[in-house]
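Quick one: this structure, given as structure tokens, is what I'll be asking you about.
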Amino acid sequence: MEPLIRLNNVSFSYPDENDTKIQLLENFNLEIEKGSFVSVLGHNGSGKSTIAKLFNGLNLPDSGSVTVNGMDTADESNMLSIRETVGLVFQNPDNQIVATIVEEDVAFGPENLGLPQKEIRKRVDEALKSVDMYDYRMHEPHRLSGGQKQRVAIAGIIAMQPECIVLDEPTAMLDPQGRAEVMDIILKLNRQLNKTVVLITHYMDEAAMADRVVVMDSGKIIADDTAKNVFSQVELLKSAGLDVPQPTELSYRLKKAGIGIDCDVLSVDECVDAITRKLLEE
Amino acid sequence: MLRDVTFGQYFPMDSFIHKLDPRFKILLTFGLIIVAFVSFNFYSLGLVAAFAVLIMILSGVPVKFYLKSIKPILIFVLITAVLNIFYISGETLLVEFWIVKIYLEGIIRAAFVAVRIVLLIIISSALTYTTSPTSLTDAIENLLKPISKLGVDTHSFAMMMTIALRFIPTLIEETDKIMSAQKARGADMETGSLMQKIKAVLPILIPLLVSSFRRARELADAMECRCYHGGEGRTRLKVLHASYRDAIALISSFILLSLVILLNILF
Ligand SMILES: Nc1ncnc2c1ncn2[C@@H]1O[C@H](COP(=O)(O)OP(=O)(O)OP(=O)(O)O)[C@@H](O)[C@H]1O
Ligand SMILES: [Mg+2]
């Protein structure tokens, strides 16, 4: 099956202060399958936001190609259909909200698509309900909490009914409660609304919820597998400047000390179980 | 402290005034301001005041917010009133000492001017309190449509206004934060010469400017992601259309205008 997004031999560079090019991506390949939930991990500056912006043509490759449902992002005439297919949510909700009333902001995308008024109304209401913000539709965004603002930003993307939603560190500026709210919605996007989800994050526990984890280091993919398989490669993750989840770290250290428990534990509960089992064996 | 600015604030509600067509509300506001200016005696001004009170009540916005909107210009009202008291001469001399003479006419004139300014504030607050900034800019875009035929980009102008209004609270909050941060570092913004004060403002202005540029870049990206491509082919969630309410408001404002003119002539 044709993947939803395909980055094929992509090279990408930024000009630095002296206008010399800094090559960030070279012969970069990545495919995002329809309906999947992929998370992308990597420390600061590893190129995560750069690839997110390549996905919908906000960045264009120097060479190679990016296709969305077979449409080339370099072709200007595809631009609107591509952005309608792949929606991007950014880190700072304050800088994504355009209007002064929640429902007017959610309507911004559908308005740009030139939809009839009735259809806009329907989509706005549905989108707000799906992020549990319907009761706040007449509120002013600047009076909402960070988590609520980010949910409004997500609703703004949902209202365009994209097939794929890419979220670039959507929880980075939120408090623990806001993070939990937003993560709930992200899971729901994939599990209930059947959206393809790409979650860029540097929180391991968030990444672990995805079906597939891609780890980046200085513009290269150094791991691309299921969450369990990726997190068991503790040495590799550490070499990429990432911290592994605490339960994984614990079992990794135990193993190093000669006490072997199942190394692919991700959640605290799983870890407790594995250790209890080990203790009972002895 | 910067946070309790009420200027341009909107109170989402469902009142008669809220439901008026914003284009019409803008015209009505201008109309009322003109009527207030052409009221030359207490009868006609009293009528305008009664109309303003009616609008206040119909708007459903608590009166205390209207009072709050008057507060910042209270000093201005007082100064104008006091100047009138001292400068207007008339026939009924009330107080005289040294070179100061206060006439009854002066006091009446002062009261008249004060009432007129307060009315202007109430009328314009009623507009912003009952109209969301988006509908306000929509209405302005719509009213300016004739100019767009001459090649003026009225859509971009309206979009710029919407974004500016959207970011005012965000930037106020940020200024507050930066000021606190600089104060925590020992910055002194209240004392010193003018030069020193200007120097103290720079460490606030520069971070604010830098962050505004970053915000602008991010907002542009976010807008592009949501398929923004100018006003062409864009539809709206809220379409402006006049209703029977606008007719009622139109008729009553015409009656008001005729009565004011009549009272001006009669007395
Ligand atoms: N517009 C730009 N102009 C110049 N250099 C840029 C630009 N955007 C990003 N870079 C550089 O490209 C590199 C990768 O940036 P990118 O934003 O993709 O990283 P990231 O993985 O998203 O990092 P973070 O975790 O900080 O968001 C960084 O070194 C960054 O400084
Ligand atoms: Mg980034």
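The numbers here are math on the coordinates, done by the rules we state, and not lab data. Quantities reported herein were computed from a predicted structural model and do not represent experimental measurements. Note: ideal-geometry Cβ built from the backbone for every residue, glycine included; neighbour counts use all protein chains shown.
In the stretch B:78-121, which chymotrypsin sites (Phe, Trp or Tyr not before Pro) fall in coil by DSSP and have 15 or fewer other Cβ atoms within 10 Å?
Filter output for the stretch B:78-121: B:W98.
While we're looking at this one, here's another question. How do A:L280, B:L202, A:L189 line up, fewest other C-beta atoms within 10 Å first?
Fewest-to-most Cβ neighbours within 10 Å comes out as A:L280, B:L202, A:L189.
R0 = 25 Å: FRET efficiency of B:F40 with B:V63, Cβ-based, nearest 0.05?
0.35
Let me ask another. Rounding to the nearest 20 debye, state how big the charge dipole of the protein assembly as shown is about its Cα centre with +1 on each Lys and Arg Cβ and -1 on each Asp and Glu Cβ. Don't skip to the answer; put the middle values down first.
Details: 54 positive and 64 negative charges, 430 e Å.
Approximately 2060 debye in magnitude.
With the dipole of the protein assembly as shown worked out from charges on the C-beta (+1 for Lys and Arg, -1 for Asp and Glu) around the Cα centre, which of A:M160, B:F11, B:V35 lies farthest toward the positive end?
Highest projection toward the positive end goes to B:V35.
How much mean residue ellipticity at 222 nm does the protein assembly as shown get from its helices, if each DSSP H run of length 4 or more adds -39500 (n - 2.57) and you divide by all residues, to the nearest 500 deg cm²/dmol?
Taken over the protein assembly as shown, the calculation gives -17000 deg cm²/dmol.
Quick one: among B:T175, B:T131, B:T162, which has the greatest mean-square fluctuation in a GNM of chain B with alpha-carbon springs under 10 angstrom?
B:T175
Another one. Quick one: length gained pulling A:E281 to A:S77 fully straight, 0.36 nm per residue minus the C-alpha distance? Intermediate results must be reported in sequence, preceding the final value.
Working: separation 204, 0.36 × 204 = 73.44 nm, distance 6.47 nm.
Result: 67.0 nm gained on full extension.
Related question: Give the percent of DSSP beta bridges with both residues in the stretch A:5-227 that are antiparallel, rounded to the nearest 5.
55
I've got another one for you. Most fluctuating residue of B:A247, B:A158, B:A139 in a GNM of chain B with Cα springs under 10 Å: which is it?
B:A247
Please give the length that would be gained between B:I75 and B:L250 if that part of the chain were fully extended, namely 0.36 nm times their separation in residues minus their C-alpha to C-alpha distance (nm, one decimal). Walk me through the numbers on the way to the answer.
Values: separation 175, 0.36 × 175 = 63.00 nm, distance 3.42 nm.
Roughly 59.6 nm would be gained on extension.
Could I ask something else about it? So what's the Cα pair-distance distribution over chain A, bin width 5 Å, in %?
1, 6, 11, 15, 16, 15, 13, 10, 6, 4, 2, 1, 0, 0
Next question. Give me A:R123, A:R151 sorted ascending by neighbouring Cβ count inside 10 Å, so fewest comes first. Kindly include the intermediate steps, with their values, before the conclusion.
Details: A:R123 22, A:R151 27.
So the residues, fewest neighbours to most, are A:R123, A:R151.
Right, next: Between the stretch B:119-157 and the stretch A:179-235, what is the C-alpha centre distance in whole Å?
First find each Cα centre; the distance between them is then 46 Å.
Distance from the Cα centre of the stretch A:42-60 to that of the stretch B:11-60, in angstrom?
The stretch A:42-60 and the stretch B:11-60 have Cα centres separated by 53 Å.
I need the calculated FRET efficiency for the pair B:E218 and B:S258, taking r as the beta carbon distance and R₀ as 51 Å, to the nearest 0.05. Write out the running numbers ahead of the final one.
Details: r = 53 Å, r/R0 = 1.05.
The formula returns an efficiency of 0.45 here.
Same structure again: For A:S218 and A:D243, what is the calculated FRET efficiency with R₀ set at 25 Å and r taken between the beta-carbons, to the nearest 0.05?
0.90
Here's another thing I want to ask about it. Which of the GluC sites (Glu not before Pro) found in the stretch B:124-222 are loop residues per DSSP with 12 or fewer other Cβ atoms within 10 Å of their Cβ?
Working: sites: B:E141, B:E173, B:E174, B:E190, B:E218; in loops: B:E190.
Answer by residue number: B:E190.
Compute the distance in nm between two label points, each set 7 Å from the Cα along the Cα-to-Cβ direction, one at B:L194 and one at B:D176.
Here the modelled spin labels are 3.1 nm apart.
Also, quick follow-up: Taking +1 at the Cβ of each Lys and Arg and -1 at the Cβ of each Asp and Glu, which of B:A220, B:L205, B:I108 sits farthest along the dipole of chain B towards its positive end, judged by Cα position relative to the Cα centre?
Toward the positive end, the furthest listed residue is B:A220.
Hey, another quick one. When only C-alpha pairs under 8 Å and at least 6 residues apart count, what is the relative contact order of chain A, in percent?
20
Taking 8 Å as the Cα distance limit and 6 or more residues as the minimum spacing, I'd like the relative contact order of the stretch A:82-204 as a percentage.
That works out to 34 percent.
Have a look at the protein assembly as shown and give its Rg and Dmax from the Cα atoms, expressed in angstrom.
Looking at the protein assembly as shown, its Cα Rg and Dmax stand at 30.6, 112 Å.
At a 10 Å Cβ-Cβ cut-off, how would you order A:M209, B:M160, fewest neighbours first?
Ranked by crowding around the Cβ, least crowded first: B:M160, A:M209.
Compute the label zone of B:L94 within the stretch B:57-77: residues whose backbone N is under 19 Å from the point 7 Å along Cα-to-Cβ.
Those under the cut-off are B:77.
Rounding to the nearest 20 debye, state how big the charge dipole of chain A is about its Cα centre with +1 on each Lys and Arg Cβ and -1 on each Asp and Glu Cβ.
340
If amide H atoms are built 1.01 Å from N in the plane of the peptide, which residues on other chains or at least 5 residues away come under 5 Å of the amide H of A:A74?
Under 5 Å from the amide H of A:A74 lie the amide H atoms of A:V66, each far enough along the sequence or on another chain.
Just how large is the dipole of chain B about the Cα centre, in debye to the nearest 20, putting +1 at every Lys and Arg Cβ and -1 at every Asp and Glu Cβ?
Working: 26 positive and 19 negative charges, 81 e Å.
The calculated dipole for chain B is roughly 380 debye.
Name the long-range amide H neighbours of A:N59: under 5 Å, sequence gap of 5 or more, or other chain; modelled H, no Pro or chain starts.
Here A:L54 satisfy the definition.
Now, a different point. Taking the Cβ of A:E33 as the center, what net charge do the other residues with Cβ under 13 Å away carry, scoring Lys and Arg +1 and Asp and Glu -1?
Numbers: positive: A:R6, A:K34, A:K195, A:R212; negative: A:E2, A:E31, A:E163, A:D211, A:D224.
The answer is -1.
Label B:L104 and B:I168 with points 7 Å out from Cα along Cα→Cβ: what is the distance between them in nm?
With each label placed 7 Å out from Cα toward Cβ, I get 4.4 nm.
With no solvent and one equal point scatterer placed on each C-alpha of the stretch A:1-86, evaluate the Debye formula and give log10 I(q)/I(0) for q = 0.14 Å⁻¹, two decimals.
-0.48
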